[in-house]
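Written below as structure tokens is the structure these notes are about.
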Amino acid sequence: MHFKTILKFGGLTLCGLIANAFPLSSPAHASCSPEPYLGTVCITAAVYCPRGYIELGPSKTLSNHSSEFQDLFSLITTIYGGDFQNTFKTPETAGRILRSPGHGPDLEPATLGDLSGSASTRILYDNMPSHTHNGTYSPYKYERPHINVSTENGTKSTPEEGDYLAVSNKNGNQSKSFTQAMRMEHGTAIAGSHITSQPASSDLIVEQTGNGQSIRTVPPQLGLRFCLANMGYWPPRH
């Protein structure tokens with residue numbers, strides 16, 4: 001292959017450049033051709049990149065002192081990484097959607113060589129849709145209210161802790177409706193399904209749901225091979 005230096009400039013460009021009136025020995029093509037513009041990226045469905053191209057994916061560290069990569073370094077410098085003194089890096093395209101610099105409606109601005117975005121996300125309070133949860137009101141915790149009753153005649157008019165509600169036993173003007181249950185076979189506990197009054201405060205239990213896993217945000221994709229031209233024509237400035 002024969003290449004001719006036209007003009008040097010910094011930056012990585014995608015294939016699709018149009019040759020103008022510069023005196024090229026052969027026009028650079030927009031595909032993975034044997035005579036591309038240096039620093040352009042082409043896409044192929046083949047299992048390898050053509051000769052003169054560097055396969056992209058995970059970023060590769062190259063020596064800017066090597067005669068093999070000096071011309072490429074002069075174009076992309078350390079836009080994609082490297083220490084500038086000895087090394088520079090190729091663009092990292094593995095698992096990424098490529099976009100041009102700048103910004104669009106509802107998009108974060110991007111600069112050349114900027115890595116951004118995530119393959120998954122988690123719902124946080126600020127972006128969670130408004131919703132409700134089922135709740136269980138339990139005024140008596142997890143038990144239904146019980147009333148202790150006895151078939152004994154009442155012996156007390158004022159109950160004490162542990163007393164049973166008994167058969168009303170009116171003695172004079174005072175009704176004795178409570179008794180201390182001495183014999184358990186004459187006493188029992190009735191579980192009530194309804195009560196006429198509620199405690200002043202109680203527990204409201206909200207059901208828990210969800211397991212906190214991340215949400216994938218990756219759109220449908222097709223894996224193809226990206227190749228960076230390391231040999232070719234110096235691209236003329238637009």
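To the nearest 20 Debye, how big is the dipole of segment 62-168 about its Cα centre, given +1 on the beta carbon of each Lys and Arg and -1 on that of each Asp and Glu? List each step's numbers first, then the result.
Values: 7 positive and 13 negative charges, 42 e Å.
Using Cβ point charges on Lys, Arg, Asp and Glu, segment 62-168 gives about 200 debye.
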Q) Ignoring ligands and nucleic acids, what accessible area does LEU115 show with a 1.4 Å probe (Å², nearest 10)? A) 90
(Q) I need the calculated FRET efficiency for the pair SER66 and ALA46, taking r as the beta carbon distance and R₀ as 35 Å, to the nearest 0.05. (A) 0.85
Q: For ASP106, ASP163, ASP83, write out the residues from largest to smallest accessible area, computed with a 1.4 angstrom probe and no ligands counted.
A: ASP106, ASP83, ASP163
Q) With labels modelled as points extended 7 Å from the Cα through the Cβ direction, what inter-label distance (nm, one decimal) is found for TYR125 paired with LEU204? A) 1.7
Q) For the peptides 61-68, 32-39, 148-155, 128-135, what is the packing order when you average, over each peptide's residues, the other Cβ atoms within 10 Å and list the highest mean first? A) 32-39, 148-155, 61-68, 128-135
Q: Please work out how much accessible surface ILE54 shows to a 1.4 Å probe, ignoring ligands, DNA and RNA, in Å² rounded to 10.
A: 20
Q) Given 0.36 nm per residue, what is the gain on full extension from HIS238 to HIS103 after removing their alpha carbon distance, in nm? A) 46.5 nm
Q | Residue among SER100, GLY81, LEU124 farthest towards the positive dipole end of segment 69-131, charges placed on Cβ | A | LEU124
Q. Starting at 0 and stepping by 5 Å, how many percent of the alpha carbon pairs of segment 25-129 end up in each bin?
A. 2, 10, 16, 19, 18, 15, 8, 5, 3, 3, 1, 0, 0
Q. Zone of SER59 (label point 7 Å along Cα→Cβ, backbone N under 16 Å): which residues in segment 68-97?
A. 73, 76-97
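The values are calculated or read from the model by the stated rules, or taken from the named source; none is laboratory data. This is a predicted model, so every value here is computed, not measured. Don't worry about glycine lacking a Cβ; one is built from the backbone with ideal geometry, like all the others, and counts go over all protein chains shown. Side chains are part of the model used for accessible areas, which takes the heavy atoms of the whole protein and leaves out ligands, DNA and RNA. Shrake-Rupley method; radii C 1.70, N 1.55, O 1.52, S 1.80 Å.
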